[in-house]
Amino acid sequence: MTDSGTLATADARSAVKRQLRLLIALGAALALTITLLPGLQPAAEAFPIESHCGTETGNTSVEGFISHDQLGRDLERIERSSQGRVEVEEAGRSFNDREIWTATVGHGDQVMLVQSDIHGNEKHGTIALLNLLSTLGNNSKRSAEIREKITLVAVPMMNPDGSELDQRRNDMSWEDTVSLHPQLEGAPRAWYHNARLNGFDVNRDFNPDLDYTPQAEDLPGTSAGVGFYLTPAAQTVRDVYAGLEDEFGNVDVFVDLHNQAPCYREGDNDHYSPLSISGRFISDPDDHGDWPEFDEDDSLRANLAVYDALQQGNSPFGKVTLYPQNINLPGTALGSFSLRGSAVVLFETSGQTQHIGQKRMGMLAKQVETGLGGIVDALTDGTFDDLDPERYDDIPPRRWAN
Ligand SMILES: [Zn+2]
């Protein structure tokens with residue numbers, strides 16, 4: 001890759017300024033954390049130099065991210081230090097028999113379900129969720145207030161098999177799939193299973209019908225159709241979602257934490273976007289059955305809560321863009337759960353691990369945590385319904401930049 005020093009541009013300088021503002025704005029405690037992180041070293045590593053957009057570098061470092069074992073230990077620690085305010089459970093197991101944990105905090109009647117790492121090389125959300133859980137489980141007055149108003153359920157590592165391999169897909173052959181679902185013997189391979197990569201894009205394995213069981217005649221399916229709950233990971237999240245519906249009547253907000261390529265710009269200007277968001281995954285709900293609870297405006301409100309939280313004060317995270325809007329993905333968790341009436345938010349934080357490794361890890365995780373905090377605050381303070389969905393389309397669109 002190009003030596004970063006030769007490309008110190010206005011972007012690099014403005015990134016440094018943003019970093020300085022961050023240090024000032026977020027105070028000494030956070031500054032201490034951040035100065036330890038490689039991503040906030042001086043201009044040499046300013047964004048997006050060394051991003052290597054479009055191609056995986058193969059030499060990025062990921063040890064700073066959280067492994068599955070480490071996650072288990074961290075959750076145990078958070079549960080203990082919260083004195084039971086955060087409750088950790090094994091919700092299910094991945095195909096390779098790794099625990100898929102939920103961590104629940106709060107007892108309010110507004111329900112928020114957040115998952116991370118459905119694509120195993122998209123890891124910032126896991127860190128953000130652990131930090132958020134620690135905060136919401138602490139003994140501050142604000143956290144107590146939040147716990148009164150909301151119930152937050154986190155699935156901090158949804159696809160642990162992919163995560164351990166640092167790859168997008170899970171780790172499951174078609175033969176494995178047929179052994180789990182013998183009725184599929186002889187059926188065509190589901191379109192979102194890849195034989196060469198030996199796994200599913202778990203993010204296409206969802207169906208708004210939570211009682212759906214895989215049928216040979218429904219395969220292979222298409223990107224514009226629903227998924228089939230073939231993977232244990234998607235089945236686990238479906239069961240968590242169904243359990244929350246049973247208990248609370250509905251899941252108010254569902255958030256899916258991803259990472260995108262690092263080379264997207266904000267609008268046509270020269271700021272690189274550290275985050276894209278979206279609340280639109282269904283072009284026409286009537287194409288997929290009868291889903292009377294579908295309410296796109298609520299999704300737009302939830303996205304605005306994220307956007308607004310990231311625009312405040314001297315926030316260094318302000319350059320949020322809209323993910324492409326002309327998509328129709330009913331087989332994603334976002335698409336399926338929006339059909340059932342959840343307000344949904346996609347986070348696409350800058351950079352999968354193969355693009356930027358752990359550079360700027362602390363800042364990017366803090367950005368996700370801050371955005372999630374915007375939804376938590378809007379629900380807690382009762383301002384969620386006041387958000388005007390018409391503002392959503394004023395968020396600048398993301399654009400590819402070389
Ligand atoms: Zn993703």
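The values are calculated or read from the model by the stated rules, or taken from the named source; none is laboratory data. Note that the structure is a prediction, hence the values are computed from the model and not measured. Quick reminder, even Gly has a Cβ in these numbers, built from the backbone with ideal geometry, and neighbours come from all protein chains shown.
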**Request:** Using the structure shown, decide if Q325 is under 30 Å from N250 (Cα atoms) and without any contact (Cβ under 8 Å) to a residue 40 or more places away in the chain.
**Result:** no
**Asked** Among (1) surrounded by fewer than 23 Cβ atoms within 10 Å (Cβ to Cβ); (2) more than 16 Å from the ligand (Cβ to nearest atom), which single condition is F65 missing?
**Response** (2)
**Selected residue (criterion: farthest from the ligand (Cβ to nearest atom)) from residues of region 254-292 that are within 25 Å of A233 (Cβ to Cβ) and part of a loop (DSSP other than H, G, I, E, B)** = G289
**Residues being within 15 Å of the ligand (Cβ to nearest atom), aliphatic (A, V, I, L, M) and either more than 18 Å from H181 (Cα to Cα) or free of Cβ contacts under 8 Å to residues at least 12 places away in the same chain (or both) - total across region 195-227** = 1
**Prompt:** Just one of L180, L130 is away from the ligand (no atom under 16 Å from the Cβ) and either touching an Asp or Glu at 6+ places or on another chain (Cβ under 8 Å) or among the charged types (D, E, K, R) (or both); which is it?
**Reply:** L130
**Asked** Can you tell me how many residues in region 106-125 are farther than 17 Å from F254 by Cβ and either surrounded by fewer than 24 Cβ atoms within 10 Å (Cβ to Cβ) or of a type in the set (S, T, N, Q) (or both)?
**Response** 2
**Asked** Is it the case that region 208-223 has a residue that's of a type in the set (F, W, Y) and either modelled with pLDDT under 95 or surrounded by fewer than 18 Cβ atoms within 10 Å (Cβ to Cβ) (or both)?
**Response** yes
**Request:** Output the residue which, of all residues in region 146-201 that are β-branched (V, I, T) and more than 23 Å from the chain's Cα centre (by Cα), is surrounded by the most Cβ atoms within 10 Å (Cβ to Cβ).
**Result:** T177
**Complete:** The residue from V240, V251 that alone is in the same structural domain as P156 (by TED's automatic domain parsing), surrounded by fewer than 23 Cβ atoms within 10 Å (Cβ to Cβ), over 16 Å from the mean Cα position of the chain (by Cα) and more than 16 Å from the ligand (Cβ to nearest atom) is V240
